[in-house]
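Here is the structure we will look at.
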Amino acid sequence: MTTRRSRPARTAGSYLVLTVLALVFMAPIAYLVIGSFKPSSEVIDGVGGFVPRDLSLDNYTGMLGRFASPATGYFADFFFTSLLVTVCVVAFGLLVNSMAAYALARLQWVGRNAVMLGVVALTILPFEAIAVPLFYALNDHRNTYYIQILPFVASAFSIYLFYSFFIGLPKETEEAARLDGAGVWRTYLQIIVPMSKPVFATVAILSFLTTWGSFLWPVMMIDQPQKRPLPLAIAVFQGQPPYDWGQIFAFGVLMVLPVLVVFLLFQRWFVQSLASSGLKG
Amino acid sequence: MSAVATRRSGARRRETLAGWTMMAPAAVGLVLFVLVPFLLAGWLSTQNVRLDTPQPPSWFGFEHYRRILLDPDFRTDFWTGLRNNLIFAAVVVPLQTSLALALALLLNKPLRGMPVFRTFFFMPVVFPMALVAVVWKVIYTRGELGLLNSVLDTISFGLIPAQDWLGNPSTALLAIIVMSIWQGAGLQMVIILAGLQSIPAELYEAAALDRANAWQRLRNVTLPGLRNTLIFVAMVTTILSFRLFDQVYIMTGGGPQDATTTVMFQAVTTAFQTNNVGRASAITVLFFLIVLTITLIQRRVLREEREIA
């Protein structure tokens with residue numbers, strides 16, 4: 001490797017490679033978005049699928065019109081289910097798991113070490129390893145909202161992320177507050193939470209992405225259209241002939257839109273969160 | 001007991017109470033929805049228990065395990081699933097990690113516009129897998145009108161014939177693999193980027209003083225500095241490979257001819273379509289043992305790395 005290329009040539013080479021890769025990475029997304037505005041018959045049309053021609057909102061109105069009876073479910077129902085489940089899992093999860101992590105990281109109490117050991121052990125357990133017995137035990141609670149929420153609020157992994165962050169916080173501010181007579185709860189709410197925005201963002205984003213995309217559990221627990229979250233609803237939609245790919249793509253765009261908006265608004269947080277969650281493992 | 005000591009033990013009691021109160025909601029959730037189901041999986045795997053009969057569970061010993069692993073009438077399902085998981089891991093882990101490393105190295109250059117490229121590469125990560133699977137299923141449409149077939153035909157000037165990517169047992173798993181790499185590479189990329197930025201700049205300065213060329217810098221500074229990150233990323237991806245389910249469920253249903261079935265897919269269809277909760281639980285327990293083994297290997301390797309470093 002003694003070949004010497006000039007700096008501008010190398011820079012141009014880097015940009016060329018980056019551009020080609022970016023095109024490959026964006027192609028499926030472009031296909032989805034363009035297809036959602038094209039007549040259905042032109043979606044599966046070779047490379048012509050990328051050509052934005054005869055664009056209209058017909059697929060969107062058609063798709064909304066298709067899900068317009070209790071038998072098919074309503075698109076608004078799918079969306080509401082996903083939104084409700086995600087908001088509850090994220091909000092309750094932040095509260096419950098950060099409290100637990102604070103107790104583990106900062107308070108002295110009988111049984112703490114044993115509980116911490118248990119939490120660390122449970123981080124190994126992926127949801128897939130308990131899905132079948134959970135499905136068996138909760139069979140009477142199928143087709144409800146709460147069954148899509150409750151099992152995912154407490155999370156050993158979230159507790160672990162909070163714990164790693166809290167343990168690294170300087171103790172001085174906290175001890176000063178305690179000496180001033182602030183109780184445990186006030187210290188937690190007024191000192192710890194404001195200092196810990198990054199870890200709250202990390203856990204919120206990870207939990208948001210996982211819950212919004214949740215698929216395995218709804219497949220097992222939900223068969224009523226009204227209680228279907230979006231991922232399950234699109235899986236059902238794409239499996240029922242006659243296939244209307246334009247409408248299915250319109251469904252897909254609406255399903256990913258909230259995530260994309262949040263992602264583009266808080267991109268820096270997204271990337272940092274996911275990168276840091278990886279490094280700490 | 002002095003007044004100070006009494007006050008202190010009172011404070012300690014209050015702290016224990018507060019500790020337990022703060023821990024309680026999460027503890028209840030973890031016990032009810034993680035620990036108990038996990039223990040239940042172990043128990044159910046020794047029972048003859050079905051959802052479609054009102055009969056109570058009855059003792060079945062290790063018969064489920066024997067059937068899944070050894071019985072010629074049943075064992076093919078599990079071993080085929082495991083084989084597919086292993087192929088998936090063996091292809092995805094090195095390919096996706098190398099791609100993510102290449103992307104991270106490119107993005108780490110001090111050039112303009114890198115955040116924009118990072119956004120492009122990262123964007124698939126935020127897409128729900130169910131949607132990704134639907135879009136790629138359409139991309140893989142068989143015949144000349146399929147997007148992938150058409151693209152390949154165009155760039156090869158007609159040399160690559162149209163394939164039935166998901167319908168052919170020899171390409172179906174490959175098709176799922178390519179799609180999964182597309183979706184997952186961006187996540188690994190940002191983890192590796194964070195790792196790259198934590199390598200001390202002095203090491204590169206020293207390498208520059210030694211007149212090390214780009215390849216030598218990569219081999220002797222960058223890769224050793226990224227070692228823990230790369231091991232971590234590889235292990236997490238291995239575990240993800242064994243959790244493979246969504247893509248299979250949507251794109252192929254395990255077919256054609258079981259070419260894309262996985263351990264998790266077996267567990268779910270066994271519980272769900274044949275109502276055999278006992279056998280499904282046994283598959284679940286085997287799945288857990290696989291994940292546990294990988295995790296323990298990962299922790300050991302990373303600990304050794306830290307001790308050396």
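Quick notes on this structure:
- B:Met264 meets the conditions (1) farther than 21 Å from B:Leu70 by Cα; (2) under 16 Å from the mean Cα position of the chain (by Cα); (3) modelled with pLDDT of 90 or more in every case but one. The failed one is (1).
- Residue match in region B:228-238 (condition: modelled with pLDDT of 90 or more, more than 9 Å from every other protein chain (Cβ to nearest Cβ) and over 16 Å from the mean Cα position of the chain (by Cα)): no
- Here B:Pro54 fulfils each of the conditions (1) under 28 Å from the mean Cα position of the chain (by Cα); (2) more than 22 Å from A:Ala105 (Cα to Cα) apart from (1).
- Which numbered condition B:Ile87 misses (of (1) at pLDDT 95 or above; (2) surrounded by 18 or more Cβ atoms within 10 Å (Cβ to Cβ); (3) within 23 Å of B:Ile294 (Cβ to Cβ)): (2)
- Qualifying positions in region A:240-281 - modelled with pLDDT of 80 or more, over 20 Å from A:Tyr31 (Cβ atoms), not in a helix (DSSP H, G or I) and not aromatic (Phe, Trp, Tyr): A:Gln240, A:Pro241, A:Pro242
- Qualifying residue in region A:217-225 (condition: farther than 25 Å from B:Leu131 by Cβ and buried (at least 18 other Cβ atoms within 10 Å of the Cβ)): no
- Region A:185-205: number of residues that are closer than 23 Å to A:Val253 by Cα and either among the polar types (S, T, N, Q) or within 11 Å of chain B (Cβ to nearest Cβ) (or both): 1
Conditions tested, residue by residue: (1) modelled with pLDDT of 95 or more; (2) in a loop (DSSP other than H, G, I, E, B); (3) surrounded by fewer than 14 Cβ atoms within 10 Å (Cβ to Cβ); (4) among the charged types (D, E, K, R).
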| position | (1), (2), (3), (4) |
| --- | --- |
| A:Arg53 | no, yes, yes, yes |
| A:Ala71 | no, yes, yes, no |
| A:Phe78 | yes, no, no, no |
| A:Ser82 | yes, no, no, no |
| A:Cys88 | yes, no, no, no |
| A:Leu94 | yes, no, no, no |
| A:Met99 | yes, no, no, no |
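- In region B:114-134, the residues that are closer than 19 Å to A:Pro258 by Cβ form Cβ pairs under 7 Å with partners that are of a type outside the set (A, V, I, L, M, F, W, C) and assigned to a loop (DSSP other than H, G, I, E, B), at six or more places apart or across chains, as follows: B:Pro128/A:Gly213; B:Met129/A:Gly213; B:Ala130/A:Gly213; B:Val134/A:Gln238.
- Residue in region B:188-197 that is touching a Gly at 6+ places or on another chain (Cβ under 6 Å), in the same structural domain as B:Val125 (by TED's automatic domain parsing) and of a type outside the set (S, T, N, Q) present: yes
- As a summary of the residue check, B:Pro110 satisfies the conditions (1) within 29 Å of A:Phe270 (Cα to Cα); (2) loosely packed, with under 15 Cβ neighbours inside 10 Å; (3) at pLDDT 95 or above except for the one numbered (3).
- All conditions but one from (1) under 26 Å from A:Val47 (Cβ atoms); (2) free of Cβ contacts under 8 Å to residues at least 60 places away in the same chain; (3) of a type in the set (D, E, K, R) apply to B:Glu202; the one that does not is (1).
- Region A:38-79, subset touching a strand residue (DSSP E or B) at 6+ places or on another chain (Cβ under 9 Å) and of a type outside the set (D, E, K, R), residue nearest to A:Val24 (Cα to Cα): A:Val51
- A:Ala22 vs. criteria within 14 Å of another protein chain (Cβ to nearest Cβ), more than 28 Å from the chain's Cα centre (by Cα) and assigned to a helix (DSSP H, G or I): no
- Criterion: at the interface with chain A (Cβ under 9 Å from one of its Cβ atoms), farther than 26 Å from B:Tyr140 by Cβ and hydroxyl-bearing (Ser, Thr, Tyr) - qualifying residue of B:Thr222, B:Thr274, B:Thr270: B:Thr270
- Among residues that are more than 9 Å from chain A (Cβ to nearest Cβ), among the β-branched types (Val, Ile, Thr) and in a helix (DSSP H, G or I), B:Ile297 is included.
- Checking each residue of region B:178-200 against the condition of being more than 29 Å from B:Ile250 (Cα to Cα), hydroxyl-bearing (Ser, Thr, Tyr) and within 13 Å of chain A (Cβ to nearest Cβ) gives at least one match.
- Of residues in region A:229-248 being within 29 Å of B:Pro37 (Cα to Cα) and surrounded by fewer than 24 Cβ atoms within 10 Å (Cβ to Cβ), the one farthest from the other protein chains (Cβ to nearest Cβ): A:Val236
- Against the test of being of a type in the set (S, T, N, Q), surrounded by 24 or more Cβ atoms within 10 Å (Cβ to Cβ) and out of contact with any Ser or Thr (no Cβ under 8 Å at 6 or more places or on another chain), the options B:Thr270, B:Thr284 yield a single qualifying residue, B:Thr270.
- Residues being in contact with a helix residue (DSSP H, G or I) (Cβ under 8 Å, 6 or more places away or on another chain), within 12 Å of B:Phe272 (Cβ to Cβ) and not aliphatic (A, V, I, L, M) - total across region A:125-141: 2
- Looking across region A:128-180 at every residue that is within 12 Å of chain B (Cβ to nearest Cβ) and of a type in the set (D, E, K, R), the one that is surrounded by the fewest Cβ atoms within 10 Å (Cβ to Cβ) is identified as A:Asp140.
- Residue within region B:280-291 that is closer than 29 Å to A:Gln238 by Cα, of a type in the set (S, T, N, Q) and more than 19 Å from the chain's Cα centre (by Cα) present: no
- Residue check for B:Ser58: among the polar types (S, T, N, Q) and more than 10 Å from chain A (Cβ to nearest Cβ): yes
- Candidates B:Thr80, B:Thr154: the one that is within 9 Å of another protein chain (Cβ to nearest Cβ), in a helix (DSSP H, G or I) and among the hydroxyl-bearing types (Ser, Thr, Tyr) is B:Thr154.
The values are calculated or read from the model by the stated rules, or taken from the named source; none is laboratory data. What you are looking at is a predicted structure, and each value in this text was computed from that prediction instead of being measured. Methodologically, a virtual Cβ is constructed for each residue, glycine included, from the backbone with ideal geometry; neighbour enumeration extends over all protein chains shown.
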